[in-house]
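> Mind having a look at this structure? Questions to follow.
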Amino acid sequence: MSGAALGLEIVFVFFLALFLLHRYGDFKKQHRLVIIATLLAWYLCFLIVFILPLDVSTTIYNRCKLAVNSSPAESNGSYVTVAPSKQKCFKPWSYIPNGIMPIFWRVVYWTSQFLTWILLPFMQSYARSGGFSITGKIKTALIENAIYYGTYLLIFGAFLIYVAVNPNFNLQWNQLQTIGIAAANTWGLFLLVLLLGYGLVEIPRSHWNGAKRGYLLMKTYFKAAKLMTEKADAEENLEDIMEEVRKVSESIKYNHPLRKCVDTILKKCPIEYQERMGRNMDDYEDFDERQNSYPSEKSLVKLHKQVIYSVQRHRRTQVQWQILLEQAFYLEDVAKNETSATRQFVHTFSSQEPENKIIQYFYTPTVEWYWECLLRPWFYRVLAVVLATFSVIVVWSECTFFSTNPVLSLFAVFIQLAEKTYNYIYIEMACFLTIFFLSICVYSTVFRIRVFNYYYLASHHQTDAYSLLFSGMLFCRLTPPLCLNFLGLTHMDATISHKNTQPTAYTSIMGSMRVLSFIADGFYIYYPMLVVILCIATYFSLGTRCLNLLGFQQFMGDSEMTSDLIDEGKELIRREKRKRQRQEEGENRRREWKERYGNRDDSTRNRVVHTDQKESSFSETNTSRSLSKYTRSNGRTERDRIELLQDAEPLDFNADSINDDPLESDSGR
């Protein structure tokens, strides 16, 4: 089993990252380099979280071996027996041989740092660039990142000069490397505590509120009102951008040098706008013969960037609106079925997607009623209590993990009790649950936050390339300090425990923080206590209230604005529901008509065809006089019908006024 657990987790984490990226990204439409870079960033961060418990159990076993080797001992199979105390150091089932973990952590850590500080920022600018060639996009990305890279180089240079001038520091390559790691971890820890303080309170509270009857429905109404405003704004913005594209397309003809750029912009437009603009593209015009003012290439690059952004935003709001409608209809069905006497869940609308037959077999309407109306609220309440307990333990441990005598951190107490009996399965499960809960609190906040329309992770393949790359940057910057904070909570970090024991392979890669004592003994110890203040602020929704005062609508039960938006959203959902019902009623009527009269229509049609064939054969046997008579009559009738259609003047509904006399119109016949 040596190394098998490591290989299994590597494969499992890869498919987990691939699944999440498929949920938020779009493999078909987004650039392959964006998908690969984001997948690599997510994969490395998730891999660190899953592999670290194996590193802890391996380190505990190595410490036991060192303790045994320092006293008279004898080897026995897969463990070592100490002669005086008969102590046994069992090898864990997930033991990783020496030399593998340091190389593994070094490759993972420095690859993630290269992604977050160099590659991903460059790819962000490259993805949002409106350039029409690879060279133009690279040039734009370099210019935009020059200030970004220059700022960090300036800070690092100033810090390096301070260390070089200070006589207390003796600069060496390992110490310089540790200083760089400490600087990156300090920035990450600053952001980590902010996100952790929000997630420790919001995750249990969201599950508790999800068990309340009607809470989710009211919040869905609120979201519907906000999303409709955003949807209308996106449609208006798209119309304005498409109008600019139309003007540019009409001014730049086929033989213009910038026509290729215009064609590239048109390919990014929605199909209906492409067809509308293509109708006025038949005229050929030599741009040298007319002294018109044509847009420059720089303005076309800016327009191309606006088109990409507006189309992505419009498509995202349309998809989110349909998803929100389905969610609102389902929550209304839940509220309606709670008082059902038959205890069978009845849907107002049938599912538009074909359901799995296996799910239909087990998840019957009766099972669905018991789950949605009875079991689900209680399950969410129990889960909220468990998550709240974990949050309290994390807050207590964050405030007391620096105390080693006595040990006050509960996570350290659990690990030390298991270490005495060398119960490696318990150690790995305790470590995994701890770091997994910390990761959920931090990563879920990254998925929830929204910075206007510049950063927003939207599910159902609606996240743009810029947001995907930005999330990869955040994960790579948050994960190393998150793991160091976890090792500090469990006292597996020698800097915290103040014990001369073998460190974990992950800590050895980070280096000794004693090089910067004011960070190791000050910032890393006391800054995590700030999580208490952040949890209190999140519990009383201080941030939400501040945003509401600034004009950003937030869901608050005691706000008049929230009540107005809930009523508006309820009316919007009711209107869409009536529209959906009329559509289904029309489809049902057409289906019933086809089923009832379809065969009769076919027989009538066959009878008419048979009669026409008999009449035509009978007319062929008639005299030429009667044939010419009917022929003249039919021809006269058809000729009168054609002349009547030609005399009809089409109405221009786009005109400002309609003249009574069609001859006075400018268009003419």
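> Looking only at the range 247-278, which residues are under 18 Å from Gly130 (Cα atoms) and assigned to a helix (DSSP H, G or I)?
Val248, Ser249, Arg259, Lys260, Cys261, Val262, Asp263, Thr264, Ile265, Leu266, Lys267, Lys268
> Just checking, how many residues over the range 460-494 are of a type in the set (Asp, Glu) and touching a residue at least 40 places away in the same chain (Cβ under 8 Å)?
Initially, the range 460-494 is screened for residues of a type in the set (Asp, Glu), giving 464, 493.
Then drop every residue that is not touching a residue at least 40 places away in the same chain (Cβ under 8 Å), which leaves 464.
Adding up the residues that qualify gives 1.
> A further question follows. Only one of (1) exposed (fewer than 12 other Cβ atoms within 10 Å of the Cβ); (2) at pLDDT below 90 is not met by Phe19, so which one is it?
With (1) exposed (fewer than 12 other Cβ atoms within 10 Å of the Cβ); (2) at pLDDT below 90 applied to Phe19, the lone miss is (2).
> Among the candidates Thr229, Thr264, single out the residue that is open to solvent by 30 Å² or more (accessible area, probe 1.4 Å), closer than 30 Å to Glu332 by Cα and among the hydroxyl-bearing types (Ser, Thr, Tyr).
Result: Thr229 is the single residue among Thr229, Thr264 that is open to solvent by 30 Å² or more (accessible area, probe 1.4 Å), closer than 30 Å to Glu332 by Cα and among the hydroxyl-bearing types (Ser, Thr, Tyr).
> Okay, next question. Considering each residue of the range 543-557, count those that are more than 26 Å from the chain's Cα centre (by Cα) and within 17 Å of Lys219 (Cβ to Cβ), and give that number.
1
> Residues to consider are Thr404, Thr389; find the one that is among the hydroxyl-bearing types (Ser, Thr, Tyr), in contact (Cβ under 8 Å) with a residue 12 or more places away in the chain and over 24 Å from Phe190 (Cβ atoms).
Of Thr404, Thr389, the one residue that is among the hydroxyl-bearing types (Ser, Thr, Tyr), in contact (Cβ under 8 Å) with a residue 12 or more places away in the chain and over 24 Å from Phe190 (Cβ atoms) is Thr404.
> Could you run through the range 41-58 and say how many residues are open to solvent by 10 Å² or more (accessible area, probe 1.4 Å) and either hydrophobic (A, V, I, L, M, F, W, C) or closer than 15 Å to Leu433 by Cβ (or both)?
So the count comes out to 3.
> Regarding the range 202-211, can at least one residue be identified that is surrounded by 15 or more Cβ atoms within 10 Å (Cβ to Cβ) and of a type in the set (Asp, Glu)?
Yes - at least one qualifying residue is present in the range 202-211.
> Here's a follow-up. What pairs come up if the first residue lies in the range 419-448 and is closer than 13 Å to Phe390 by Cα, the second is among the aromatic types (Phe, Trp, Tyr), and their beta carbons are under 6 Å apart, counting only those six or more places apart or on different chains?
What qualifies is Ala430/Phe414; Thr434/Phe411; Ile435/Phe486; Phe437/Phe390.
> Residues to consider are Ile573, Ile509; find the one that is surrounded by 14 or more Cβ atoms within 10 Å (Cβ to Cβ), assigned to a helix (DSSP H, G or I), hydrophobic (A, V, I, L, M, F, W, C) and more than 28 Å from the chain's Cα centre (by Cα). Break it down stepwise before answering.
Details: Ile573 fails: more than 28 Å from the chain's Cα centre (by Cα).
Answer to the selection: Ile509.
> Filter the range 340-381 for residues that are among the aromatic types (Phe, Trp, Tyr) and open to solvent by 80 Å² or more (accessible area, probe 1.4 Å) and give the result.
Within the range 340-381, Tyr361, Phe362, Tyr363, Tyr370, Trp371, Trp378, Phe379 qualify.
> Right, something else. Among residues belonging to the range 431-482 that are in a helix (DSSP H, G or I) and charged (D, E, K, R), point out the one that is surrounded by the most Cβ atoms within 10 Å (Cβ to Cβ).
It comes out as Arg477.
> Answer with yes or no whether Ser310 is hydroxyl-bearing (Ser, Thr, Tyr) and over 23 Å from the mean Cα position of the chain (by Cα).
no
> Are any of the residues in the range 483-494 over 35 Å from the mean Cα position of the chain (by Cα), in a loop (DSSP other than H, G, I, E, B) and either modelled with pLDDT under 90 or closer than 17 Å to Leu191 by Cα (or both)?
Within the range 483-494, the first condition is being over 35 Å from the mean Cα position of the chain (by Cα), and the residues that meet it are 494.
Going one step further and asking which of them are in a loop (DSSP other than H, G, I, E, B), we end up with none.
The answer is no, given that none of the residues of the range 483-494 is over 35 Å from the mean Cα position of the chain (by Cα), in a loop (DSSP other than H, G, I, E, B) and either modelled with pLDDT under 90 or closer than 17 Å to Leu191 by Cα (or both).
> Also, I was wondering about something else. Any residue in the range 263-276 that is at pLDDT 85 or above and acidic (Asp, Glu)?
Scanning the range 263-276 turns up at least one residue that is at pLDDT 85 or above and acidic (Asp, Glu).
> Give me a count of the residues in the range 91-105 that are open to solvent by less than 70 Å² (accessible area, probe 1.4 Å) and assigned to a helix (DSSP H, G or I). Outline the logic, then answer.
Going residue by residue through the range 91-105, those that are open to solvent by less than 70 Å² (accessible area, probe 1.4 Å) are 92, 94-97, 99, 101-102, 104-105.
Restricting the remaining residues to those that are assigned to a helix (DSSP H, G or I) gives 101-102, 104-105.
The qualifying residues number 4.
> From the list Phe470, Phe432, exactly one residue is closer than 20 Å to Val49 by Cα and touching a strand residue (DSSP E or B) at 6+ places or on another chain (Cβ under 8 Å). Which is it?
The match here is Phe470.
> So, in the range 382-421, of the ones that are of a type in the set (Gly, Ala, Ser) and at pLDDT 95 or above, which residue ends up most open to solvent (accessible area, probe 1.4 Å)?
Ala388
> Now a separate question. Restricting to the range 330-344, what's the tally of residues that are at pLDDT below 90 and under 26 Å from Lys570 (Cβ atoms)?
Number satisfying all stated conditions: 3.
> For the range 285-295, check the following and say yes or no: at least one residue is under 20 Å from Ile241 (Cβ atoms), modelled with pLDDT of 75 or more, of a type outside the set (Gly, Ala, Ser) and out of contact with any helix residue (DSSP H, G or I) (no Cβ under 9 Å at 6 or more places or on another chain).
no
> Within the range 84-139, which residues are touching a helix residue (DSSP H, G or I) at 6+ places or on another chain (Cβ under 8 Å), in contact (Cβ under 8 Å) with a residue 24 or more places away in the chain, of a type outside the set (A, V, I, L, M, F, W, C) and over 25 Å from Phe470 (Cβ atoms)?
Listed by number, the residues that qualify are Lys91, Pro92, Ser94, Tyr95, Asn98, Pro102, Arg106.
> Could you list all residues from the range 232-257 that are farther than 13 Å from Ser310 by Cα and crowded, with 18+ Cβ neighbours inside 10 Å?
Scanning the range 232-257 gives Val248, Ser249, Ile252.
> Next question, about the same structure. For Arg450, all conditions in the list (1) of a type in the set (Lys, Arg); (2) within 28 Å of Val392 (Cβ to Cβ); (3) touching a strand residue (DSSP E or B) at 6+ places or on another chain (Cβ under 8 Å) hold save one; what is the number of the exception?
Condition not satisfied by Arg450: (2).
The values are calculated or read from the model by the stated rules, or taken from the named source; none is laboratory data. As the structure is a prediction and not an experimental result, all values here were calculated from the model. Using ideal geometry, Cβ is built from the backbone for each residue, glycine included, and neighbour counts are taken over all protein chains shown. Note: areas computed on protein heavy atoms with side chains; ligands, DNA, RNA excluded. Shrake-Rupley method; radii C 1.70, N 1.55, O 1.52, S 1.80 Å.
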